[in-house]
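Trainee: Questions regarding the structure given below will be posed in turn.
The values are calculated or read from the model by the stated rules, or taken from the named source; none is laboratory data. Bear in mind that the values here come from a model prediction, so they are computed numbers and not experimental data. Note that each Cβ is placed from the backbone with ideal geometry, even for glycine, and that neighbours are counted across all protein chains shown. Accessible surface is based on the protein model in full, side chains and every heavy atom, while ligands, DNA and RNA are left aside. Shrake-Rupley method; radii C 1.70, N 1.55, O 1.52, S 1.80 Å.
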Amino acid sequence: MLYALTKAAHLISLFVWVGGMTAVAIALRHPAILHMAPLKRYDRAVTTPAMLLALLFGILLGVQGGWFTSGWLGAKIVVVLVLAGLHGVLVGKLRHAVNAKAKPAAADSSPILAIGGVCLSVIVLLASLKPF
Amino acid sequence: MPLKYWADTPQAVALMGPAHGMAFLTFLWFVARSWGEGLINGLGVLRLFIGAFIPFGGLVNERWLRNQAEKH
């Protein structure tokens, strides 16, 4: 029961985290200065705590399930590191856009959204199939 | 790790391992954010990342970061 609840909390945190990342990535691609400050506040209040909770619940799941000796979890952790790094880059760009203030930043054409989508797909596949 | 191997107390690693993992993830996140914000460049990212794996590398990088902060 505790494992199932931890898993639910992990998934809820992950959905909120990825949703917040998507919003920031789209806002940076179509920059409008009025959207940046509220997004920055939302990220600080919701998305970043959701990321930390997703990581925390993930570690708890690994400890409860004894998964830390499994190869798939090692691979998943590497991809999660990339996803967390992408979120960090997004927040950095968002902070830069908010601090610029005078005019909307140039549209961000980096493929962060696509890379994030691939990372998320690999994470879900590794966690559900546990291939090795 | 010294407690695990020299004092036969593996519980310490079970407790501190996840905490250490979270701290490392948070560190990487802040490095990525600083890069995205333009506070450090790619070489700075590499320097901080490698420094995290070298014992006491953080002390050297801390001084470098302080110099960087004074420049900004």
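Trainee: Rg to Rh for region B:2-71: what is it, with Cα atoms only and Rh by Kirkwood?
Mentor: Expressed as Rg/Rh, it is 1.11.
Trainee: Mind checking B:23-34 for the average number of partner chain beta-carbons within 10 Å of each residue's beta-carbon?
Mentor: Working: counts 0, 1, 11, 5, 0, 5, 12, 3, 4, 11, 11, 5.
Mean shielding count: 6.
Trainee: Ordering A:Asp108, B:Asp8 from largest to smallest accessible area (1.4 angstrom probe), what's the sequence?
Mentor: Values: A:Asp108 30, B:Asp8 130 Å².
Order by accessible area, largest first: B:Asp8, A:Asp108.
Trainee: Report the label-to-label distance for B:Phe27 and A:Ala100 in nanometres (one decimal), using points 7 Å from each Cα along the Cα→Cβ vector.
Mentor: In this crude label model, B:Phe27 to A:Ala100 measures out at 3.2 nm.
Trainee: Shifting gears a bit: Comparing the chain by itself with all protein chains present, which residues of region A:22-69 are at least 50 Å² less accessible (probe 1.4 Å)?
Mentor: Residues of region A:22-69 that lose at least 50 Å² of accessible area once the other chains are added: A:Ile59.
Trainee: Multiplying the sequence separation of A:His30 and A:Leu2 by 0.36 nm and subtracting their Cα-Cα distance, what value in nm do you get?
Mentor: Stretched out fully, the A:His30 to A:Leu2 stretch lengthens by 5.8 nm.
Trainee: A further question follows. Out of B:Met16, B:Leu39, B:Ala52, whose Cα points farthest toward the positive end of the dipole of region B:2-71 (charges: +1 Lys, Arg; -1 Asp, Glu; placed on Cβ)?
Mentor: B:Leu39
Trainee: Follow-up question, since we're still on this one. For the protein assembly as shown, which whole-number percentage of the solvent-accessible area (1.4 Å probe, protein heavy atoms only) is attributable to carbon and sulfur atoms?
Mentor: Here carbon and sulfur together make up 73 percent of the probe-accessible area.
Trainee: May I pose another question? Averaged across the residues of A:75-82, what count of C-beta atoms belonging to other chains lies within 10 Å of each residue's C-beta? Don't skip to the answer; put the middle values down first.
Mentor: On the way: counts 0, 0, 2, 0, 0, 1, 5, 2.
Partner Cβ neighbours, averaged per residue: 1.
Trainee: How far is it, in nm, from the label point at B:Gln11 to the one at B:Asn67 when both lie 7 Å from their Cα along the line to the Cβ?
Mentor: Simple spin-label model gives 4.6 nm for this pair.
Trainee: Return the calculated 222 nm mean residue ellipticity for the protein assembly as shown, to the nearest 500 deg cm²/dmol, obtained by summing -39500 (n - 2.57) across DSSP H runs with n ≥ 4 and dividing by the residue count.
Mentor: Mean residue ellipticity, 222 nm, calculated: -26500 deg cm²/dmol.
Trainee: Now, a different point. Once ligands and nucleic acids are excluded and a 1.4 Å probe is used, how much of B:Tyr5 is accessible, expressed in Å² to the nearest 10?
Mentor: For B:Tyr5, solvent-accessible area is about 150 Å².
Trainee: Sort largest first and round to whole Å: the equivalent ellipsoid semi-axes of chain A, each the square root of five times a Cα gyration tensor eigenvalue.
Mentor: 31, 15, 10
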